[in-house]
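A quick write-up on the structure given underneath.
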Amino acid sequence: MMPGFDRLVAAVRTNCHISDARHARDMTLCTYLLEMRELYRWEQGIPLGAPMPQAAVGAWMSEREALWSSLETSAHVPLPLGDGPVDPFDVASANRTLAGRRLVYGAGIGRFGKPQFFLAVLQRDEWRDGVRILVAGSEYARDLSAAPAALRAGTMYLRLEALRRLLWEKAEAWMGKRSDGALKSALDSYGFADAPGAAIEKMAAAEAETLILHELGECEAGRFLGPEWEVMLAGLAHRRAELFARAARDHLADCLVTLPALLERGASASVHFWFANLDGVRQQLFPLLPPAYAAWRQGDGGRALHDAAEAGVAHWRRVCGQILALHAGRGAETGTAIQALSSAAGSCL
């Protein structure tokens, strides 16, 4: 292990705590409790699916919230790397130092302005379509909301441990209801009923590829949207406007790359899982997709989904362009204007 590794882990974990201290209250109570439970599971090394000691979780939550209270106004700490401290958001410098140690570091701003940090084993370092992909394995530090994938400055960070945990959470929630639908079809495709643990491993391997396709779509969408898009997102103060803007770009990315690629490959399990995650704002905004998915399930060979994706490329490029135009012309009123746009965006599809 590298010299000073423990100090590096401590610094990244401190920054995770500071981020959580400032933003954990932004979650709904239900989401907060679920995220805290899974963070406890990760910290204690409890296997997925193993029972959780409720009393211990409760005591840990009280201790963690007290720690957050002591850190809420603290500044993020530099990383003890190389010849001197490294800014915690200078990801490129950090990873140049860590690459030879088979470690990967990630930092950036997520939804609603929440900083996110992680430190993990570097499992793979590869390139695809001009995008560098850093695949993270076991994690040494993470914050409360562990995003399985992110694209930042032309580099994709894929976190396999976070993906496995996300898949298990979805499967566990489904087991409480056992309802029919896209998620059941996806789980059945991976043999979840007979071997849950093995199924989650197979799902993680397959759905990691779906995440890569989505981020490649994000990169392609970014060539059209330009750097102004990230500036606009960072400046949005309206949560609903940010959700809409992110959903619009997600749809553009998936219509450009993800859905066409999954259909071309005949990746039926991944198509089911993609639709299992089509909910909330994203589902409301794209009414063409549910009937197209139904037609695919009934054996149309994916024709309706191909048509929906083609229509979506044109539509979501136009909507994203309108969002950027609003940002350029409205200044502080951008959020309100984008919210108004969101009300009509899905009616054209």
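Read-outs: derived from the displayed coordinates by stated rules, not from any lab. These numbers come from a predicted model, not from an experiment. Using ideal geometry, Cβ is built from the backbone for each residue, glycine included, and neighbour counts are taken over all protein chains shown.
Amide H contacts under 5 Å for D143: F117, restricted to partners 5 or more places along the chain or on a different chain, H placed in the peptide plane at 1.01 Å from N.
Counting only whole DSSP H helices of the chain, the ones at least 20 Å long by C-alpha along their axis and with mean Kyte-Doolittle hydropathy no lower than -1.0 are 5-23, 29-44, 54-71, 160-177, 196-225, 239-253, 303-330.
Per the Cα gyration tensor, segment 167-302 maps to an equivalent ellipsoid with semi-axes of 28, 17, 15 Å, ordered largest to smallest. What the Cα convex hull of segment 5-163 gives, in volume per residue, is 123 Å³. Of the peptides 125-133, 197-205, 78-86, 270-278, the order by per-residue mean of other Cβ atoms within 10 Å, starting with the highest, comes out as 270-278, 197-205, 78-86, 125-133.
Counting every C-alpha pair in the chain, the share spaced more than 37 angstrom apart comes to 20%. Annotation: extensible slack from A59 through R111 equals 15.9 nm (criterion: 0.36 nm per residue apart, minus Cα-Cα distance).
Per residue, the chain reaches -19500 deg cm²/dmol at 222 nm when only DSSP H runs of four or more residues are counted, each adding -39500 (n - 2.57). Comparing Cα centroids, segment 1-53 and segment 63-102 end up 15 angstrom apart. The aspartates and glutamates within cross-link reach of K184, meaning a Cα-to-Cα straight distance under 17 Å and a gap of 8 or more places when in the same chain, are E169, E172, D194, E201, E207, D279. In this structure the amide hydrogen of L81, modeled in the peptide plane, comes within under 5 Å of the amide hydrogens of V86, none closer than 5 places in sequence on its chain.
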